[in-house]
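J.: Quick one: this structure, given as structure tokens, is what I'll be asking you about.
The values are calculated or read from the model by the stated rules, or taken from the named source; none is laboratory data. Because the structure is predicted, anything quoted here is derived from the model rather than measured. Positions of Cβ are generated from backbone atoms using ideal geometry, with glycine treated the same way; all protein chains shown enter the neighbour counts.
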Amino acid sequence: MDTRPKDAPLPYYEQPSPGTGSLPARAWYATSDAARHDLGGTWDFRLSPTAEGADTGFIADDADLTPNEWTRITVPGHWVLQGHGAPAYTNVSYPFPVDPPRVPTENPTGDHRHVFDLPADWPAGGESVLRFEGVESCARVWLNGTELGTFQGSRLPHEFAVGPLLRPTGNVLAVRVHQWSAGSYLEDQDMWWLPGIFRDVTLLHRPEHSPADFFTHAGYDHTTGEGVLRVESGTPGTVTVPELGIEIATGEEVRVPAEPWSAEHPRLYTGELATPGERIPLRIGFRTVGVRDGLFRANGKPILFRGVNRHEFHPDTGRAVDEATMRADIELMKRHNINAVRTSHYPPHPAFLDLCDELGLWVIDEADLETHGFCYFPDWRGNPVADDRFVPALLDRAQRMVERDKNHPSVVIWSLGNECGAGHGLGAMAAWIRERDPSRAVHYENDPTYRDSDFYSRMYASHEEVERIGRRAEEPLEDPELEAHRASLPFLLCEYAHAMGNGPGGLSEYQRLFETYERCQGGFVWEWIDHGLPVQTADGEPYFGYGGDFGEELHDGNFVCDGLVFPDRTPSPGLIEYKKVIEPVTISGDSAERTITIRNGYDFLGLGHLSFGWRYEAEGVLLASGELAVPEVVPGATAQVPLPEPPAGDAAGEGIWTVTAALAADAAWAPAGHEVAWGQIVDSARPRVAPSAGAPTVAARREGTTWTLGSAVFDAASGELRSLGGLTLHRGPVLDLWRAPTDNDEGMAWEEGTRLAQRWRELGLHRIRHRVDAVGADGDTLTVRTRVAPAATDAGLLAVHRWTATGEGELRLEVEVTPEGDWRVPLPRLGVRLGLPAGLGHVRWYGGGPGEAYPDTRAAARTGRWEATVDGLHTPYVRPQENGARIDVRWAELRERPGAQGPGLRLTAGERPLMFTARRWSTEELDAAAHTPDLTPGDTVWVHLDADQHGIGTQSCGPGPLPQYHLTPAPVTFSVVLRVLGED
Ligand code: GAL
């Protein structure tokens, strides 16, 4: 048996150095007049279980591709998503023994082979380079039998000079890709491990006298309104920008009056760099950014990041993301008022940045670097960012990112990477970046001294901590010099509001802090998309899987599903909420004062691109509407405009104005009419009138084992309502406390004290019992007294249900709840649940909508009349959990048919509007489900009417709900009128 001598050099895939043979990094650009040939398509492929198990015969022209070893694969793509091996998910842990730079012998290795002809018009002369945009995690490359080199750095470009090796036809490109390499230690990002050639492979002609590289410096002098342009190019040439009359030599600087670029107004000028060998289109955005006087400024003004962290993800293709998907992401972001992206935690496909330039997003471009798994060892022992052997690789990662992306106006901050602790390797990266590109700021979060960062950056800090930092009252660092440095920095939440499952809660309060404290320049929600992968049940039902669904021995479950959009990019309620919370225009008002206040929260834009409209509704019925004339308002300022007169007459019901701001003309990312912001103003002259307690119409009567109240029949033993006016209830309203814990209720596995759901379960809130203390008539009222509590505790809730008949087929229920005993936890919910026949599948309601809302996720709920099916009320979180509540519901109807048709039941809240939920499975079934197919409709529509629920918070990674959103057990009374609806 061959064994490697003890002191033999490590194989290339275990070398901490970045590789051999590739060309220096240079700027990426989408087009030029130089020839290029896309090599993507169907390639030959063979998977081996180890790095060295297979021979390299496949590099030869006449290689024998044995059919049962070799198959076909799509490039770009990941083999584990194409039927070879399996994806695996871990958050922090390395899925292999930690012994850098060594990797396991079990090292899935994909041999890729592609035979191609040169396009007939491929130019003679010049050079040609073979470019890989992304290969995970290590590759060895051959062309026509000659080895070109090896590389690591998965999300970074690598080029090889291949000119002399090319043939007109029958070129054999062979690429061996190892899943694990020394580079894997630098790529411990929280995501699926997905090996493969997952970004484009291109052959690029490099004509003689074409620039080896170029660097566009396009600043904006806000004091003069001039753009300042200089393009450096290895090969001298000419730079033209016809629209600005610019024609200069490379290296020469010119100043001309120009419009600045910003994320709000992404003004790009079309130019060209012409050298004797190549003409390269330029897209120039003039802007100057950087930290000055403690604030990050663009074109002289501090800006507020309304950001999101974006991983590259598509459920079918993993991190192989096509341009249509990239564009769809940016359009969705822009439509939801997001103005910034952190490319967590690696440089994205380069075309994404072109789209950010064009559509307008501020970008924090982050190096492909994370060594989080070392945090488990004392003082991060062995951390590669503190290991000299890895410094060349770290520098290589910084360089490849900066050189590739330096010409994008959208990129305003370079980030050294994510969660690597501290180490001199990071300092080396920062120093190199500052030297090469002093025109941008540098970000790094995970070293509490911030010695290498231009930002004081935190993740998941509580509101309280953000406020403290906003007031400059944070705990000082011990070292006075480092303290002085940190104190001089603007503050960012590079991650906050963990969008896992239902939530995140508390967004509005964060936003208020950002608006209040100048030092707080906003944040980036974690994260954009749920990385759920499609799977099927045994009988073919599709659903999204997560960690543990692919045979992983070590995994982090559904922590990979924590995005603002579902895996299929449907916006989740969290995104709708975020849109409202960060809207750049805020609309408020006062009906008594007859004014609307409009605040311009943009950093640069006026309001001229928006058209304002108003509607007046009485109990959700439109009575009048019109356009609203709003004067120009500069950023940061407010204007008052008169509130339109409420329509005359005495239409019944609560009066509300809704004022909207919409795009006046088509934008590149949304059509005219797209709503940007809205506000509602309640008419104090026309308040809601809650149903009165009314005079009971009949007396309660005992008949055998039942009680009756008019057409209502109750079970005399349980006190539960069995039927009302011919409608049979599967379950009468009973007090209810439990909700299927959300990911935020479950808290953080690694942090004691955050797991509220565990405390709920310990107390037994999921197995509550109802003791019936009394059922009896009390005058015209049927009174049912219960005590509701789980086993083994003396804490309980006393509930008094008072039923009266208030009309034909109509009952009023008042519930009075008094807690007793020692309650040490907030309640999940407090309300009643009832079971109705499954046929009542259509819902209309008046209250908060159209989407779900909870006490601390309710900014986007607007009061109106809404309609949905019971199925449509459900939010399909990848891991099923509490969802779908509608807030502040004044009344709801459940019917057999859509519209105000068909028999059904109307529920009208008393003084206190209620939270309303209807679903086809019980809370217990929802709680037990791990994946969406585990939920199957039964014969019951379960309806919840809650006086309140506990807030949502963001404790799956971060703080729980703010204290004001805790549902602390306390005496409460609420009421509801139930009325049976006949055929209309
Ligand atoms: C952060 C990390 C992210 C992600 C997030 C939790 O600590 O930077 O990559 O893991 O937590 O989802």
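J.: For a quick check of your reading of the model, give me the residue pairs whose first member lies in the stretch 93-119 and is within 30 Å of Arg167 (Cβ to Cβ), whose second is among the charged types (D, E, K, R), with beta-carbon atoms closer than 6 Å and at least 6 apart or on different chains.
T.: Qualifying pairs under 6 Å: Asp111/Arg46; Asp111/Arg176; Arg113/Asp44.
J.: Another question, then. Got a sec? Which strands (runs of 3 or more DSSP E) wholly within the stretch 200-265 have at least 3 residues that are out of contact with any Asp or Glu (no Cβ under 7 Å at 6 or more places or on another chain)?
T.: Fully inside the stretch 200-265 and qualifying: 201-206, 214-221, 226-233, 246-249.
J.: Pairs, please: C-beta under 9 Å, at least 6 apart or cross-chain, first residue surrounded by 11 or more Cβ atoms within 10 Å (Cβ to Cβ) and in the stretch 466-478, second among the β-branched types (Val, Ile, Thr)?
T.: Listed by first residue and then by second, the contacts come to Glu467/Thr516; Gly470/Thr516; Leu477/Thr449.
J.: Select from the stretch 431-453 the residues that are assigned to a helix (DSSP H, G or I), surrounded by fewer than 20 Cβ atoms within 10 Å (Cβ to Cβ) and touching a residue at least 24 places away in the same chain (Cβ under 8 Å) and list them in ascending order.
T.: Trp432, Arg436
J.: Another question, if that's okay. Residue under question is Arg702, and the condition is that it be touching a Gly at 6+ places or on another chain (Cβ under 8 Å) and of a type in the set (Lys, Arg); does it hold?
T.: Spelling it out, it is not the case that Arg702 is touching a Gly at 6+ places or on another chain (Cβ under 8 Å) and of a type in the set (Lys, Arg).
J.: Continuing with this model, one more query. Can you run down the residue pairs with Cβ atoms below 8 Å, 6 or more apart or on separate chains, where the first is in the stretch 410-430 and assigned by TED's automatic domain parsing to the domain that holds Asp357 and the partner is in a strand (DSSP E or B) and among the basic types (Lys, Arg)?
T.: Short answer, once both residue conditions are applied: Ser415/Arg342.
J.: Considering only the stretch 538-569, state which residues are under 17 Å from Lys334 (Cβ atoms) and either surrounded by fewer than 21 Cβ atoms within 10 Å (Cβ to Cβ) or of a type in the set (Phe, Trp, Tyr) (or both).
T.: Arg569
J.: Just to check your reading of the model, which residue among Arg886, Arg879, Arg890 is within 16 Å of the ligand (Cβ to nearest atom), of a type outside the set (Asp, Glu) and either within 29 Å of Ile656 (Cα to Cα) or within 30 Å of the chain's Cα centre (by Cα) (or both)?
T.: Checking each option against the conditions leaves just Arg879.
J.: Residues of the stretch 454-486 being within 15 Å of the ligand (Cβ to nearest atom) and assigned to a strand (DSSP E or B), which ones?
T.: Correct list: Ser457, Arg458, Met459.
J.: What about Gly960, is it modelled with pLDDT under 95 and either of a type outside the set (Ser, Thr, Tyr) or within 26 Å of the chain's Cα centre (by Cα) (or both)?
T.: Judged against the criteria, Gly960 is not a match.
J.: On to the next question. Let me spell it out: the conditions are (1) more than 26 Å from Thr216 (Cα to Cα); (2) away from the ligand (no atom under 16 Å from the Cβ); (3) surrounded by 20 or more Cβ atoms within 10 Å (Cβ to Cβ), and Arg389 meets all of them except one. Which number is the exception?
T.: (3)
J.: What's the total number of residues in the stretch 358-370 that are within 12 Å of the ligand (Cβ to nearest atom) and part of a loop (DSSP other than H, G, I, E, B)?
T.: Here the count works out to 1.
J.: Scan the stretch 163-202 for residues that are away from the ligand (no atom under 16 Å from the Cβ) and either acidic (Asp, Glu) or not assigned by TED's automatic domain parsing to the domain that holds Gln82 (or both) and report the count.
T.: Selection size over the stretch 163-202: 1.
J.: For the stretch 939-956, check the following and say yes or no: at least one residue is surrounded by fewer than 18 Cβ atoms within 10 Å (Cβ to Cβ) and not assigned by TED's automatic domain parsing to the domain that holds Gly532.
T.: yes
J.: Scan the stretch 487-506 for residues that are within 15 Å of the ligand (Cβ to nearest atom) and outside any loop (DSSP other than H, G, I, E, B) and jot them down.
T.: Listed by number, the residues that qualify are Leu492, Leu493, Cys494, Glu495, Tyr496.
J.: Here is a follow-up. Given Trp192, Trp122, Trp180, which one is among the aromatic types (Phe, Trp, Tyr) and part of a strand (DSSP E or B)?
T.: Step by step, each of Trp192, Trp122, Trp180 is checked, and only Trp192 is among the aromatic types (Phe, Trp, Tyr) and part of a strand (DSSP E or B).
J.: On to the next question. For the stretch 177-185, state whether one or more residues are at pLDDT 95 or above, within 25 Å of Glu403 (Cβ to Cβ) and either more than 32 Å from the chain's Cα centre (by Cα) or surrounded by fewer than 24 Cβ atoms within 10 Å (Cβ to Cβ) (or both).
T.: Within the stretch 177-185 (the criterion being at pLDDT 95 or above, within 25 Å of Glu403 (Cβ to Cβ) and either more than 32 Å from the chain's Cα centre (by Cα) or surrounded by fewer than 24 Cβ atoms within 10 Å (Cβ to Cβ) (or both)), the answer is no, since none of the residues qualifies.
J.: I need the full set of residues from the stretch 535-577 which are within 16 Å of the ligand (Cβ to nearest atom), assigned to a helix (DSSP H, G or I) and touching a strand residue (DSSP E or B) at 6+ places or on another chain (Cβ under 7 Å), in order please.
T.: Within the stretch 535-577, Val560 is the sole residue that qualifies.
J.: Within the stretch 717-735, does at least one residue satisfy the condition of being β-branched (Val, Ile, Thr), in a strand (DSSP E or B) and at pLDDT 95 or above?
T.: Within the stretch 717-735 (the criterion being β-branched (Val, Ile, Thr), in a strand (DSSP E or B) and at pLDDT 95 or above), the answer is yes, since at least one residue qualifies.
J.: Still on this structure: For the stretch 421-430, which residues satisfy the criterion of being aliphatic (A, V, I, L, M) and outside any loop (DSSP other than H, G, I, E, B)?
T.: If the condition is that a residue be aliphatic (A, V, I, L, M) and outside any loop (DSSP other than H, G, I, E, B), then Leu426, Ala428, Met429, Ala430 are the ones that fit.
J.: Give the stretch 654-664 a look and list any residue that's surrounded by fewer than 19 Cβ atoms within 10 Å (Cβ to Cβ) and over 19 Å from Arg335 (Cβ atoms), or say none.
T.: Within the stretch 654-664, Glu654 is the sole residue that qualifies.
J.: I would also like to ask the following. Which condition from (1) under 22 Å from Val878 (Cβ atoms); (2) out of contact with any Gly (no Cβ under 8 Å at 6 or more places or on another chain) is the one that Trp921 breaks?
T.: Among (1) under 22 Å from Val878 (Cβ atoms); (2) out of contact with any Gly (no Cβ under 8 Å at 6 or more places or on another chain), the lone unmet condition for Trp921 is (2).
J.: List pairs: first residue in the stretch 62-86 and of a type in the set (Ser, Thr, Tyr), second residue in a strand (DSSP E or B) anywhere in the structure, Cβ distance under 7 angstrom, at least six positions apart or on different chains.
T.: Thr71/Phe45; Thr74/Thr42
J.: Taking the stretch 40-51 as the region of interest, how many residues are more than 19 Å from Cys138 (Cα to Cα) and in contact (Cβ under 8 Å) with a residue 60 or more places away in the chain?
T.: Result for the stretch 40-51: 1.
J.: Kindly provide the set of residues from the stretch 319-350 that are under 16 Å from the mean Cα position of the chain (by Cα) and of a type in the set (Gly, Ala, Ser), ordered by number.
T.: Ala328, Ala340, Ser344
J.: For the stretch 45-72, give me each residue that is touching a His at 6+ places or on another chain (Cβ under 7 Å) and either part of a strand (DSSP E or B) or not assigned by TED's automatic domain parsing to the domain that holds Arg113 (or both).
T.: Phe45, Leu47
J.: Conditions: (1) under 20 Å from Glu331 (Cα atoms); (2) touching a residue at least 24 places away in the same chain (Cβ under 8 Å); (3) not aliphatic (A, V, I, L, M). Pro671 meets all but one. Number of the miss?
T.: (2)
J.: Within 16 Å of the ligand (Cβ to nearest atom), touching a strand residue (DSSP E or B) at 6+ places or on another chain (Cβ under 7 Å) and assigned to a strand (DSSP E or B) - does that describe any residue in the stretch 507-521?
T.: Taking every residue of the stretch 507-521 in turn, none turns out to be within 16 Å of the ligand (Cβ to nearest atom), touching a strand residue (DSSP E or B) at 6+ places or on another chain (Cβ under 7 Å) and assigned to a strand (DSSP E or B).
J.: Same structure again: Scan the stretch 303-344 residue by residue and report those that are part of a loop (DSSP other than H, G, I, E, B), buried (at least 24 other Cβ atoms within 10 Å of the Cβ) and within 16 Å of the ligand (Cβ to nearest atom).
T.: Correct list: Arg310, Glu312, Phe313, Arg319, Thr343, Ser344.
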